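Enquirer: Sending over a structure as structure tokens; questions will come in a sec.
Each value in this text was obtained by applying a stated rule to the coordinates, not by laboratory testing. Only a predicted model underlies this, so the values are computations on that prediction, with no experimental measurement involved. Quick reminder, even Gly has a Cβ in these numbers, built from the backbone with ideal geometry, and neighbours come from all protein chains shown.
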Amino acid sequence: MAGLDHPDFELDVLYEINGLAERLSGRTRDVVTFVGEYGLPFVLVALVGLGWLLVRRRADAPQAVAGCFWALLAAGLTWAANVPIRAFVARPRPHESHAELIPMVDGRDGYSFVSDHAGAATAIAVALFLVHRVLGLVALGLALLQGAARVLMGVHYPTDVIGGFALGMAVALLLAPLGMALLTPLVRALAGVGWLGWLARPPADDPERERDPGERLAA
């Protein structure tokens, strides 16, 4: 399929955002590139780990921990779903069609629609929001920042990022019932194994909480 047409307003947005790169010093540009390429994905995965720490002792711990696992799995499924989409749309990278753009990262060839980074970030954010509202909102903000960074770096058009947002949200929400139906029993079974009890332990399953204070002191 031929590449998508580029409305004037999209190119205007692309040039406006990517043009900010000219105002960055060399070192600042390197930092921004690293954050947009690796830093934000790492922080999003770290938020999932923090979410697990916060929900593993909730009353619905097996389901909540499964939701954290689903956030990571949804990101992987979003990436997999994008493979045929990119091949079908076959949209070149912006810097390949517009030589005046400033690509801030080398070696980004191949097709542009949709953005893997934006899609995976959104999948994590939406899935995490279903488990922990505050962390989910933080992750949604980071996903938006991730999308903006990809345009700033000159490796995606704005509609590539919007498409990534849509794809990640669709995967995280539409496949969540199936994913949770598979992951929740798995987490419950793993947590039932003695040495894996730390994975998800609701308050009722905590031996120390089942004892009354006198029994704890006696022990």
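Enquirer: Select from Pro41, Pro94, Gly197 the residue farthest towards the positive end of the dipole of the chain; place +1 on Cβ of Lys and Arg, -1 on Cβ of Asp and Glu, and compute about the Cα centre.
Expert: Final value for the positive-end residue is Gly197.
Enquirer: In what sequence, highest mean first, do 86-92, 76-82 appear when ranked by Cβ atoms within 10 angstrom?
Expert: My ranking of the peptides, most packed first, is 76-82, 86-92.
Enquirer: Could you give me the percent of Cα pairs per 10 Å distance bin for region 8-218, shortest bin first, beginning at zero and ending with the bin that holds the maximum distance?
Expert: The calculated distribution, bin by bin, is 9, 30, 27, 17, 10, 5, 2, 0.
Enquirer: Which angle from 0 to 90°, rounded to the nearest 10, does the C-alpha axis of helix 158-174 make with the longest principal axis of the chain?
Expert: 20 degrees
Enquirer: Can you tell which of Val13, Val131, Val187 shows the greatest fluctuation in a Gaussian network model of the chain with Cα springs below 10 Å?
Expert: Of the options given, Val13 has the highest mean-square fluctuation.
Enquirer: Right, next: Pairs of Cα atoms under 8 Å, at least six residues apart: use those to get the relative contact order of the chain, whole percent.
Expert: With pairs under 8 Å counted, the relative contact order is 28 percent.
Enquirer: Compute the angle between helix 61-89 and the longest alpha-carbon principal axis of the chain, please, reported from 0 to 90 degrees and rounded to the nearest 10.
Expert: For 61-89 against the chain, the angle is about 20 degrees.
Enquirer: Moving on to the next point. For Ala90 and Leu24 in the same chain, what is the full-extension length gain: residue separation times 0.36 nm, less their Cα-Cα distance, in nm?
Expert: In short, 20.6 nm is gained.
Enquirer: List residues of region 130-145, by number, whose backbone nitrogen lies under 18 Å from a label position 7 Å along Cα→C-beta of Val13.
Expert: 141-145
Enquirer: Using label points projected 7 Å from each Cα along Cα→Cβ, tell me how many nm separate Arg57 and Leu137, to one decimal.
Expert: Output for this residue pair reads 2.4 nm.
Enquirer: How do the peptides 142-152, 50-60 rank, highest first, by the average count of neighbouring beta carbon atoms within 10 Å per residue?
Expert: 142-152, 50-60
Enquirer: At 222 nm, what helix-only mean residue ellipticity would the chain give, in deg cm²/dmol to the nearest 500, using -39500 (n - 2.57) for each DSSP H run of four or more?
Expert: My calculation for the chain gives -21000 deg cm²/dmol from helical runs alone.
Enquirer: Any chance you could run the full-extension gain for Ala80 through Asp109? It's 0.36 nm times the residue separation minus the Cα-Cα distance, nm to one decimal.
Expert: Taking Ala80 through Asp109 to full extension adds about 8.6 nm, to one decimal.
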